[in-house]
1. Residue by residue through the range 157-170, which ³J(HN,Hα) values in whole Hz follow from phi under the Karplus form 6.51 cos²θ - 1.76 cosθ + 1.60 (θ = phi - 60°), with glycine and proline marked x?
2. At 222 nm, what helix-only mean residue ellipticity would the chain give, in deg cm²/dmol to the nearest 500, using -39500 (n - 2.57) for each DSSP H run of four or more?
3. Rounded to the nearest 0.05, what FRET efficiency do Asp133 and Asp56 give with R0 = 30 Å and r taken as the Cβ-Cβ distance? Could you check?
4. Modelling each spin label as a point 7 Å along the Cα-to-Cβ direction, I'd like the Tyr25/Tyr9 distance in nm, to one decimal.
5. Could you check the spin-label model distance between His79 and Gln2? Points 7 Å from the Cα along Cα→Cβ, value in nm.
6. Which translational diffusion coefficient, to the nearest whole µm²/s, is obtained for the range 3-241 from the Stokes-Einstein equation, given a Kirkwood hydrodynamic radius over C-alpha pairs, 20 °C and 1.002 mPa s?
7. In what sequence, highest mean first, do 99-109, 216-226, 115-125 appear when ranked by Cβ atoms within 10 angstrom?
8. Can you give me the long-range amide H partners of Ser35? Hydrogens built in the peptide plane at 1.01 Å from N, cutoff under 5 Å, separation of 5 or more residues or another chain.
Amino acid sequence: MQRDYHHWYSHRLGIELGVVVYGHYGFPILGFPTSAGDEWELEGQGMIGALADFIDAGRIKFYSVNSINGLSFYNKGAHPFHRSYVQSVFDSYLREEVVPFIWDNCKSQPPIATMGASFGAYHAANSLFKHPDVIKRCFAMSGVYDLRNFMDGMYDDNFYFNNPVDYISNLSDPWVYGQLSSCDIHLSTGTGPWENSGPTYHFSGILAHKGIRHSLDNWGPQGGHDWPYWKHQMREYIAHLY
């Protein structure tokens, strides 16, 4: 498998961040780590290996990023408004730096898919809902979509516009609705070990109430909150959709 590591200094965030690229050709998938992971976690946990045959066949090209959760919502030493500010800047980094990098790397501007599990599912979903004109598919597995617990009871605009249950509940922009109508949104959960399906069902209900087409995929016993379950789900998704 072809693997390339790219990194650059982000003036938005004031730090250097890397992107690991797996594969030589295929539809781009942007992958996010779990809460404490970095751009190498998906490889270290076997997700890249689980998808290796699809990557080697040129069906997908995989991009793995660091989601800097330790500097944003998991930064308990920072003021809550700093946490939400860092998340808002990270969202800008994704749109203004990572997306153009993916397009340049692909030598075209194909629609991008996102994927993530646990806290990574939040990033996968939030990125699509914030930028449905360039991110057209997401696989959000075992996710949480309301981050109020990370704000110590405080609330500001940066948080609102990065808390999907809030800004989707109030969505009214016809342009956004039009873009979302062409998106393929998968929220997955199940009844397997350690899984809490409540947040997924709650968010799905909000999407349904707003008329946003999506798939609520309940994997039953195969929907547990751990890597073997997430690897199985991603293999099934890619086998059927790419």
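All of the numbers you see were taken from the coordinates with simple rules; none came from a lab. Not measured: the values here are computed from a predicted model. Every residue, glycine as well, gets a Cβ built from its backbone with ideal geometry; the counts of neighbours run over all protein chains shown.
1. Couplings: 5, 4, 5, 3, 7, 10, 10, x, 4, 8, 6, 6, 4, 9 Hz.
2. Values: 11 runs with 91 residues, N = 242.
Counting only the DSSP helices, I get -10000 deg cm²/dmol.
3. On the way: r = 30 Å, r/R0 = 1.01.
In this case the efficiency is close to 0.50.
4. According to this spin-label approximation, the distance is 3.7 nm.
5. That separation, rounded to one decimal, is 4.7 nm.
6. The Stokes-Einstein estimate is 120 µm²/s.
7. Numbers: 99-109: 14.0, 216-226: 16.8, 115-125: 27.2.
Highest-to-lowest ranking by the protection proxy: 115-125, 216-226, 99-109.
8. Amide H neighbours of Ser35, under 5 Å, 5+ apart: Phe119, Gly120.
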